[in-house]
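Reading through the structure tokens given below for one structure.
The values are calculated or read from the model by the stated rules, or taken from the named source; none is laboratory data. In this text, all values refer to a predicted model and were calculated from it rather than measured experimentally. Virtual Cβ from ideal backbone geometry, glycine too; neighbours counted across all protein chains shown. Each accessible area value is taken on the protein alone, full model and side chains, heavy atoms only, with ligands, DNA and RNA left out. Shrake-Rupley method; radii C 1.70, N 1.55, O 1.52, S 1.80 Å.
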Amino acid sequence: MASASVEKSRLYKDLPLAIDPFSIRLLQINNSRPEDKTKRNWSVPISLNMQTFPLGTAPPFRCLSYVWGNPEMHSIFVNGQLLRITKNLLGFLRRLRAGSSRPDGWVWVDAICIDQSDVVERTQQVKKMGAIYSRADIVMAWLGWAWDRQGDGSDNGRNPLAPEVEYASEYAVDLLVLIANQLRAYIANGGKVWSENFSRYALDDPAMYTMLNIKAQSFKTWRALMALLDRQWFQRAWIVQEAALAKNVVVMIGDKVVAWDDVVQTCVFLQASGWAFGMMHVIDPNDYRVPYGYQGLHFASLRAVCRLEHALPSLGSVISLPSSVFPTLPPSTVSQAQAFDFLAQFIISTRPFAASDLRDKVFAPLAMVRQALAAHKVDLPDPDYTVLMQTVYNETTALIIEHSSDLYLLSEVEDRSAKKTQGLLSWVPDYALTTHSPFNEIPGVNFNALADRRKQCTIDRRTGSLSLTGCYLDTIKAMPANALDEMFNRDAFVPLVDFCITNMDHYGDYRAEVLWRTLIADNDGTTSPASADAAAGFKRILELKIAIVHHGDRLKDNLERLPDSTWAAYANFDALRALAPAAEAAIPSTIELAAFAERWRLIMTRALLFAEAKEVAGPSAVIALAAGRVYARRQLMVTESGIVGLVPVSSRKGDQVWFLEGGKMGYVLRPTSGSDDRDTRKTFTFMGEAYVHGYMRGELLIEERTFDEIVIR
């Protein structure tokens, strides 16, 4: 939520806000100046008229959706009173004053219409933000001036680089509208967007341009479009609510206005074609980020879930997060448990987005869910800006776990090494972090280890103790020295194969299959269990990554052929194949590693066509994508009885693997001493979720196991 610095005056005292009926303040531009479009005279100060109205009987108004951005402050006048606002907001007001966007209409802007210095008023208004945005006729998404590369007021007007940026932004808008129009035409003629046919064309393939009847575009224009979709507006937590609940959204870039559906259709194209991932690699191969266009699709998905519009025909399976993240609400009634399930899923689905006040990582989705469930009589917590961030996170998680139908949120607890927020209970996710990838949010995966055994839980607010019922499986015996994040380098592959030889003899001839299935959590990117064909993809990952270790992945004029002695370091690959002949399907021999590395060298030195790079990498692409969702901050482990799985990287020998009623995964728990000697229950610190090979689909219930009440602190 944006903020403004106010020179305290009679401004807000003279315009008090009632709670019943709930009231808001609205603004009008006093001095329309069409010449502002050309920036000829921005020295004339902005003057606004502000009045108070009950929300239910307010005149037609529009809402502004924007980012605070550059903290540089500027002066405007509201009802004759001096008010200080951020540079990006000033840019929007100048754009509005230009006259081409109904300057005489009423507008709601949070930084001005809410007294930001009054915590009580701010909390009351935030509670109703969903109602305000859903009541507005139009939500204006301000992405900044064309020359403002971040769209947040960071660029200081026209500078030596600005003309190029400005013109590129104009080209980007033109391309966005063109793609949207041609994609709609393609669909109208029976074309399938989310299909193998649509995704088979490589980045910048002329065949794709021909199929959509689009002229080939320069990389400069594509880069400008990616920059447009990467502006700060797409990154903020509150924007999710503002876009999702609006009746109608228009996107403003400088003096250009773009329909919201045009943005969505372009995002559909980038994701469905796979070009978004190609652009990521070309623009910044070393930057791990949310793919271009993802946020736009996320907003569109939420709009459909909130029933503000039907899912667009092109959305198809665009909700790439599993359906559990965006459930279909019952048509007439929602139980208390379903409401809290819905809240948990919305909080997690908005996790990739940023917020100036990190409490808004909870408050923003809370306001959205409150509005989405307005017709259903459910009791949801109120936002309260007087409460510390860690208390907001702890208390919200406790409420959700108490009242929801399962232990969904426990899978969102990241590894201890990743947590940044101090004072969190061990079983509470750090919502301030933007990245975490639970197993059940991998497309095609639907683990359910205890086959929906109902949750039994109580929470002691005084001690922060979470009491659950669960079943002990085993204790961790060993882990390789390298975390899976390091798997894509030479030093990690060899220890992993050594680990398989030394610690996985329990699986006999199938140890290599158990290894590769475990390392990808037994999913191939589309289905789980992974098909047997995925073994070839895993084998190609090893060949390709080892070749890249030695030769890189950038074209060069000269690369020396590797000496035969290079492959002695990988002798254990041959050893594993000798111990378990079935390993040949997934583990390359040193001869195969050498042959592939030489082929890769020829591609990198242009002795072979670079197009072959896609061909040779092809079998690994899907598996690499699946594995990439699994590796982050996780580690391979084996238990005392020989069971293999994936656990948080901070796990250690002696930690225990449990299955908890109401949970769908395995969980790693660290034994601790209880704080009350009279309490005989086992006490633990929560470490995170676990994939346990062979136990993710109800197999545990076939065995004779006892369930005990335990305490997690």
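Filtered by the rule that a residue be of a type in the set (Phe, Trp, Tyr) and farther than 30 Å from Trp147 by Cβ, the range 182-215 gives Tyr186, Trp194, Phe198, Tyr201.
So that you can scan it fast, the table gives a plain yes or no per residue for (1) modelled with pLDDT under 95; (2) open to solvent by 10 Å² or more (accessible area, probe 1.4 Å):
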position: Gly69; (1), (2): yes, yes
position: Asn79; (1), (2): yes, yes
position: Leu83; (1), (2): yes, no
position: Cys113; (1), (2): no, no
position: Val120; (1), (2): yes, yes
position: Asp148; (1), (2): yes, no
position: Asp152; (1), (2): yes, yes
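Figure legend. Inter-residue proximity from the range 533-562: first residues farther than 11 Å from Ala597 by Cα, second residues part of a helix (DSSP H, G or I) and of a type outside the set (A, V, I, L, M, F, W, C), beta-carbon distance below 6 Å, spacing 6+ or different chains. Indicated pairs: Ala536/Pro619; Gly537/Pro619; Gly537/Ser620; Arg540/Pro619; Arg540/Ser620; Ile541/Ser620; Leu559/His551; Leu559/Arg601.
Considering the range 90-107, and only residues there that are touching a helix residue (DSSP H, G or I) at 6+ places or on another chain (Cβ under 6 Å) and either modelled with pLDDT of 90 or more or open to solvent by 10 Å² or more (accessible area, probe 1.4 Å) (or both), the residue that is nearest to Val67 (Cα to Cα) turns out to be Arg94.
Residues in the range 543-579 that are polar (S, T, N, Q) and either in contact with an Asp or Glu (Cβ under 7 Å, 6 or more places away or on another chain) or modelled with pLDDT of 90 or more (or both): Ser565, Thr566, Asn572. Just one of the listed residues (Asp505, Asp553) is more than 18 Å from Gly645 (Cβ to Cβ) and open to solvent by 10 Å² or more (accessible area, probe 1.4 Å), and it is Asp553. Which one is least open to solvent (accessible area, probe 1.4 Å), of the residues in the range 9-32 that are at pLDDT 90 or above and small (Gly, Ala, Ser)? Restricting to residues being at pLDDT 90 or above and small (Gly, Ala, Ser), the top hit is Ser23. Within the range 413-433, residues that are without any contact (Cβ under 8 Å) to a residue 24 or more places away in the chain reach partners that are open to solvent by 10 Å² or more (accessible area, probe 1.4 Å) and in a loop (DSSP other than H, G, I, E, B) with beta carbons closer than 8 Å, at six or more positions or on different chains, in the pairs Lys419/Leu433; Lys420/Ala432; Lys420/Leu433.
Restricting the range 556-579 to residues that are of a type outside the set (A, V, I, L, M, F, W, C) and part of a loop (DSSP other than H, G, I, E, B), which is most open to solvent (accessible area, probe 1.4 Å)?
Keep residues of the range 556-579 that are of a type outside the set (A, V, I, L, M, F, W, C), which gives 556-558, 560-561, 563-566, 570, 572, 574, 577.
In the following step, the residues that additionally are part of a loop (DSSP other than H, G, I, E, B) were identified as 556-558, 560-561, 563.
Details: Lys556: 86, Asp557: 141, Asn558: 109, Glu560: 133, Arg561: 158, Pro563: 75 Å².
Per the stated criteria, the residue is Arg561.
Please pick out the residue among Val630, Val657, Val616 that is within 28 Å of Asn482 (Cα to Cα), open to solvent by less than 30 Å² (accessible area, probe 1.4 Å) and modelled with pLDDT of 95 or more.
Numbers: Val630 fails: modelled with pLDDT of 95 or more; Val616 fails: modelled with pLDDT of 95 or more.
That would be Val657, the only listed residue that is within 28 Å of Asn482 (Cα to Cα), open to solvent by less than 30 Å² (accessible area, probe 1.4 Å) and modelled with pLDDT of 95 or more.
A Cβ distance below 6 Å, combined with a sequence gap of six or more or placement on separate chains, defines the contacts here; from the range 358-370, residues that are in contact (Cβ under 8 Å) with a residue 24 or more places away in the chain reach residues that are open to solvent by less than 10 Å² (accessible area, probe 1.4 Å) and polar (S, T, N, Q) in the pairs Ala364/Gln241; Pro365/Thr350; Ala367/Gln241; Met368/Gln241. Filtering the range 421-437 to residues that are open to solvent by 60 Å² or more (accessible area, probe 1.4 Å) and in contact with a strand residue (DSSP E or B) (Cβ under 6 Å, 6 or more places away or on another chain) leaves nothing.
Going through (1) small (Gly, Ala, Ser); (2) open to solvent by 70 Å² or more (accessible area, probe 1.4 Å); (3) under 24 Å from Trp145 (Cα atoms) one by one, Ser218 falls short only on (2).
Would you confirm whether or not the range 472-479 contains a residue that is within 30 Å of Arg713 (Cβ to Cβ), of a type in the set (Phe, Trp, Tyr) and in contact (Cβ under 8 Å) with a residue 40 or more places away in the chain?
Pass one, the range 472-479, residues within 30 Å of Arg713 (Cβ to Cβ): 472-479.
Subset that is of a type in the set (Phe, Trp, Tyr): 472.
Next, from what is left, pick out any that are in contact (Cβ under 8 Å) with a residue 40 or more places away in the chain: 472.
Scanning the range 472-479, I find at least one residue that is within 30 Å of Arg713 (Cβ to Cβ), of a type in the set (Phe, Trp, Tyr) and in contact (Cβ under 8 Å) with a residue 40 or more places away in the chain, so the answer is yes.
Here Val173, Val193 are screened, and the one residue that is modelled with pLDDT under 90 and open to solvent by less than 60 Å² (accessible area, probe 1.4 Å) is Val193. When you scan the range 510-529, do you find a residue that is over 25 Å from Ala690 (Cβ atoms) and of a type outside the set (Gly, Ala, Ser), even just one? So far as the range 510-529 goes, no, none of its residues is over 25 Å from Ala690 (Cβ atoms) and of a type outside the set (Gly, Ala, Ser). Going by the structure shown, is Gly537 surrounded by fewer than 18 Cβ atoms within 10 Å (Cβ to Cβ) and assigned to a helix (DSSP H, G or I)? So Gly537 fails the test.
Considered as a group, the residues in the range 380-420 that are β-branched (Val, Ile, Thr) and open to solvent by 20 Å² or more (accessible area, probe 1.4 Å) include one that is modelled with the lowest pLDDT, and that residue is Thr386. Is it true that Gly470 is under 28 Å from the mean Cα position of the chain (by Cα) and over 18 Å from Arg634 (Cα atoms)? No. For the range 439-448, the count of residues that are over 30 Å from Pro588 (Cα atoms), in contact with an Asp or Glu (Cβ under 6 Å, 6 or more places away or on another chain), in contact (Cβ under 8 Å) with a residue 40 or more places away in the chain and open to solvent by less than 60 Å² (accessible area, probe 1.4 Å) is zero.
Mind listing just one residue for me: the one in the range 320-362 that is assigned to a loop (DSSP other than H, G, I, E, B) and of a type in the set (Phe, Trp, Tyr) and, of those, modelled with the highest pLDDT?
Residues of the range 320-362 that are assigned to a loop (DSSP other than H, G, I, E, B), as a first pass: 320-335, 350-353, 355-359.
Among the residues that remain, those that are also of a type in the set (Phe, Trp, Tyr) are: 326, 353.
Details: Phe326: 42, Phe353: 82.
By that ranking, first place goes to Phe353.
Across the range 580-593, the number of residues qualifying as outside any loop (DSSP other than H, G, I, E, B), aliphatic (A, V, I, L, M) and modelled with pLDDT of 90 or more comes to 4.
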